[in-house]
1. Assigning unit charges at the beta carbon (Lys, Arg +1; Asp, Glu -1) and nothing else, what dipole magnitude in debye, to the nearest 20, does the chain show about its Cα centre?
2. Based on DSSP, what percent of beta bridges with both residues in segment 60-156 are antiparallel, to the nearest 5?
3. Apply the Karplus parameterisation 6.51 cos²θ - 1.76 cosθ + 1.60, with θ equal to phi minus 60°, to every residue of segment 59-70 and state each ³J(HN,Hα) to the nearest whole Hz, in sequence, with x for glycine and proline.
4. Tell me the accessible surface of Lys150 in square angstrom (1.4 angstrom probe, heavy atoms of protein chains only), to the nearest ten.
5. Restricting attention to the alpha-carbon atoms of segment 75-221, what are Rg (one decimal) and Dmax (integer), both in Å?
6. Starting from 0.36 nm per residue, how many nanometres of slack lie between Leu168 and Glu114 once their C-alpha separation is accounted for?
7. So with the 1.4 Å probe, I'd like the accessible area per residue for the chain, rounded to whole Å².
8. Once phi is turned into θ = phi - 60°, what whole-Hz ³J(HN,Hα) does the Karplus curve with 6.51, -1.76 and 1.60 give for every residue of segment 169-186, x standing for Gly and Pro?
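The values are calculated or read from the model by the stated rules, or taken from the named source; none is laboratory data. These numbers come from a predicted model, not from an experiment. Note that we place each Cβ from the backbone using ideal geometry, even for glycine, and neighbour counts take in every protein chain shown. Only protein heavy atoms, including side chains, enter the accessible area calculation; ligands, DNA and RNA are left aside. Shrake-Rupley method; radii C 1.70, N 1.55, O 1.52, S 1.80 Å.
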Amino acid sequence: MTVNVKLLPGGLPMPNGLPKHYSGKEDKNVHKFVEQELLKVWLRPGEKLVFCQAPTLGFLGARIGRERHVPYRPMRSGPERTLKPVRLRQPTEFEFRDSDWTDEPVLSYWAHAEHPDQIAVRLADHLCDGSGAGRLVWTDRRLAVTVFSKWLAEPPDKKAPLTTVCDLGPGLVTGISMPFLGQSFPAVRAVRLDFADRSTLLIRDDHAKHKVETAWQRLGH
């Protein structure tokens, strides 16, 4: 299988400062590459992959209690990364309903939570820098975020291709779905992950239908 490495970690910024989205063929190849990589170097013996995120360029917005964060800035520190800052424009300051966040094309994620210690926000801390370096992985044993070790200033194991920068453990995801969001036409689809503490994380994904249906099959639905 051939993967255009220029599309990793999260695609290339377009001249207008917006994320470049994968075509159907590119997305299929990149997603297959990500899954094969996880199976080869990250999953433990007997561990079952449910859902993994392809690299996703773009910022994260959040509603935490009564406060809205556009873009969201991490509340917890993580490992220092060596990637150059991504050259995306900042989200436009305009009023939109939380459910219409996809109408701002530079936002690729949205988190809902009542307080900063909830699952969606803890994941958001590792997904919000815009670079696409952090990738969400959900298995029957873990809900985690991984990063290529070569993109960390001080990886704990320099020989390991992937480093887990966030591992929240098993049994935290209560649902996965693929809602249409926003007022734009055509409507934008997202992957929605609901968590046990009632927080929610949404990921913009033009190919959400296939990925969510694959997760359902793996869950036996």
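1. On the way: 32 positive and 26 negative charges, 132 e Å.
That gives the chain a dipole magnitude of about 640 debye.
2. Working: 8 of 13 bridges.
Approximately 60 percent, going by the DSSP bridge assignments.
3. 8, 10, x, 8, 10, 10, x, 8, 9, 10, 10, 9
4. 150
5. When restricted to the Cα atoms of segment 75-221, Rg and Dmax are 15.9, 46 Å.
6. Working: separation 54, 0.36 × 54 = 19.44 nm, distance 1.81 nm.
Contour length minus Cα-Cα distance gives 17.6 nm.
7. Numbers: 11310 Å² over 221 residues.
Accessible area per residue: 51 Å².
8. x, x, x, 9, 8, 9, x, 9, 8, 9, x, 8, 10, x, 9, 6, 10, x
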